[in-house]
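Scroll down for the structure; my scribbles are underneath it.
The values are calculated or read from the model by the stated rules, or taken from the named source; none is laboratory data. In this text, all values refer to a predicted model and were calculated from it rather than measured experimentally. Note: ideal-geometry Cβ built from the backbone for every residue, glycine included; neighbour counts use all protein chains shown. The protein model used for the area step is the full one, side chains on, heavy atoms only, and it has no ligands, DNA or RNA in it. Shrake-Rupley method; radii C 1.70, N 1.55, O 1.52, S 1.80 Å.
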Amino acid sequence: MLEKMESINVDQVIEEFETITKDAEKVQREALKKILEENGSAEYLQNLGLNGRTDPESYKACVPLVSHADLEPYIRRIADGDNSRILTGKAITTISLSSGTTQGKSKFVPFNDELMENTMQIYRTSFVFRNKEFPIGKGKALQFIYGSKQFITKGGLTAGTATSHVYRNSKFKSGMKAMQSQCCSPDEVIFGSDYQQSLYCHLLCGLIFCEEIQLVYSTFAHSIVHAFRTFEVVWEELCTDIREGVLSSQVTVPSIQASMSKILKPDPELADLIHRRCSRLSNWYGLIPTLFPNAKYIYGILTGSMEPYLKKLRHYAGELHLMSADYGSSEGWIGANVNPSLPPESATYAVLPNIGYFEFLPLQQNVEDQVLCLKPEPVGLTEVKVGEEYEIIVTNFAGLYRYQLGDVVKVMGFHNSTPELKFVRRSNVLLTINIDKNTEKDLQLSVETAAKLLAEEKLEMVDFTSHVDVSTDPGHYVIFWEISGDASEEVLKECCNCLDRSFADAGYVSSRKVNSIGPLELRVVHKGTFHKILDHYVLLGCALNQFKTPRCVGTVNNAVLQILTDNVAKNYFSTAYV
Ligand code: AMP
């Protein structure tokens, strides 16, 4: 029998989830009806001639598929202060700033109470499932979360990252309390104006409450790995702070200092304990459970572009379970991880059919359609097929209608009648010069294969990105790598050849053979270069916990290309096709 928690009724949450997923098609129709009834008076929908109809068939016939660029002029008017009904029936008062790290530039998207409500529904749903298998006791969570800078748009609307809106919302605080996942750091640390100081203090709070920590969390795996890489450098300073009860002079933000002074007291015994725990580790293996012996799991988005960080995270985690958090975006939530015991590589997300209206554009076309040059038609949530890949199209409660999110997902199975999705990749082709097409996933796999060669020298790849260099004739692929130490010339040359050979798409291979694509170039950058890229995005308003390393840099993010170019230590050209 599942117990009742402080304010989350576990049985009720599970029952609700079972109910909405049993007849997902009906729930989808109802969600669409609700969205269109609430927003039917909006200019955007009025112009499309729906005339009050709310059924999926009329909706699909009248409303076109759009990308962010199509909606940008409408969102711009909202941000500039036009408070007429543009995209929604009720005026939008808050704007989210997507991290901009996947496509190179931040996007404005509307945020409202319904999206906040969806957030809490997703959090509650995945929480009850994971708490069934990995119950957490009364305690605290070490959460590497950061409120990004908020600003006011020209029209007076509050703008900031979606996660910041969530962290500032009172429902989030009470929800987290009910889920026993209250952050061990004070708000002043979460919302501090300097993320490096906030990170330092998150670590310090984690250590002060080390016996109470039940889980370690961040939105994306990258920031957990980043936090513990930082720990490796500052751990002795943290111990000194605890021993003396005096905060490091590196922390200079007055609000952070004031809040930490209430928590930090001289505790030589704790400092010794942490020192002993760290000293017995070999190369920091198992750091997280050693520091936090009562932690039950590590939680954060671990799939998609976070996969390259799993190896390092596993190293820090030792035997501690890694659990992927849910699937969503600044544009809205999609699915909850209701199979928490699966390893991150197999994690799936069950779509919650009442939080939006979802369509799926098949990526594979059948042969007849290809011959007739027919474009594939999107299918409904319950019409998707197991094993197939689709691009996801979202209609949400905040003014996005048939919006192509830019993500590719694969259907792995069903929970009742709602699909369980695996995140595959962003949909855009990253690397292309002529007939070659390589996606984010192709790049990730090539890098993964080549990086294995570094293990021979006990080195690891810290981070990577790519660039298409067409300033040479013929153009060629450039891969930027940051490595944990100095690799030998021999291994790096081998890595470069391996990268070139690992791009297996027929277009690339044939172009390389006839030299219509030049030899791949590996550019090794100095240590800390990717940290500079992170700083660059944070300055632009991205929150550390929403950061995703851009996997291809070029025309849209020239500043990042400049940072990389300025920091190249060595470069190699492949001889794989000579
Ligand atoms: P943003 O709104 O800019 O912070 O990023 C949202 C994007 O992050 C999504 O469109 C996905 O590409 C990616 N994302 C979000 N959740 C997951 C997940 N669980 N697994 C993999 N990628 C994810």
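For the reader, a short list of remarks on this structure follows.
- Given (1) modelled with pLDDT of 95 or more; (2) touching a helix residue (DSSP H, G or I) at 6+ places or on another chain (Cβ under 7 Å); (3) open to solvent by 10 Å² or more (accessible area, probe 1.4 Å), index of the condition Gln121 fails: (2)
- Residues of the stretch 399-443 satisfying the condition of being under 30 Å from Asp113 (Cβ atoms), in contact with a Leu (Cβ under 9 Å, 6 or more places away or on another chain) and not β-branched (Val, Ile, Thr): Gly399, Leu400, Tyr401, Arg402, Tyr403, Gln404, Ser417, Pro419, Ser427
- Of the strands (runs of 3 or more DSSP E) lying entirely inside the stretch 356-471, those containing at least 3 residues that are at pLDDT 95 or above are 357-362, 389-395, 403-415, 418-426, 461-469.
- Long-range neighbours under 9 Å by Cβ, at least six apart or interchain, first residue over 13 Å from Glu43 (Cβ atoms) within the stretch 76-92, second of a type in the set (S, T, N, Q) and outside any loop (DSSP other than H, G, I, E, B): Lys90/Asn39
- Test: residue in the stretch 211-221 that is in a helix (DSSP H, G or I) and either open to solvent by 20 Å² or more (accessible area, probe 1.4 Å) or away from the ligand (no atom under 16 Å from the Cβ) (or both): no
- Among all positions in the stretch 538-557, there is no residue which is without any contact (Cβ under 8 Å) to a residue 12 or more places away in the chain, part of a helix (DSSP H, G or I) and either open to solvent by less than 20 Å² (accessible area, probe 1.4 Å) or of a type outside the set (A, V, I, L, M, F, W, C) (or both).
- Remark: pairs (first residue in the stretch 100-122, closer than 22 Å to Ile86 by Cα; second residue at pLDDT below 75 and within 11 Å of the ligand (Cβ to nearest atom); Cβ separation under 8 Å; 6+ apart in sequence or on different chains) = Ser106/Ser99; Ser106/Gly100; Lys107/Gly100.
- The conditions of being away from the ligand (no atom under 16 Å from the Cβ) and open to solvent by less than 20 Å² (accessible area, probe 1.4 Å) are not met by Tyr299.
- Scanning the stretch 58-73 for residues that are part of a helix (DSSP H, G or I) and surrounded by 12 or more Cβ atoms within 10 Å (Cβ to Cβ) yields Ser58, Tyr59, Lys60, Ala61, Cys62, His68, Asp70, Leu71, Glu72.
- Contact map, the stretch 321-342: residues that are open to solvent by 20 Å² or more (accessible area, probe 1.4 Å) paired with residues that are part of a strand (DSSP E or B) and away from the ligand (no atom under 11 Å from the Cβ), Cβ distance under 8 Å, separation 6+ or inter-chain. Pairs shown: His321/Tyr297; His321/Ile298; Asn339/Glu420; Ser341/His321.
- Residue identified as open to solvent by 10 Å² or more (accessible area, probe 1.4 Å) and modelled with pLDDT of 95 or more among Leu207, Leu281: Leu281
- Per-region count, the stretch 222-262, residues open to solvent by 40 Å² or more (accessible area, probe 1.4 Å) and part of a helix (DSSP H, G or I): 13
- Among the residues of the stretch 463-506, those that are open to solvent by 30 Å² or more (accessible area, probe 1.4 Å), touching a Ser or Thr at 6+ places or on another chain (Cβ under 9 Å) and aliphatic (A, V, I, L, M) comprise Val468, Ala504.
- Restricting attention to the stretch 136-159 and to residues that are within 25 Å of the chain's Cα centre (by Cα) and more than 23 Å from Ile78 (Cβ to Cβ), the residue that is most open to solvent (accessible area, probe 1.4 Å) turns out to be Lys140.
- Of all residues in the stretch 323-344, at least one satisfies being modelled with pLDDT of 95 or more and assigned to a helix (DSSP H, G or I).
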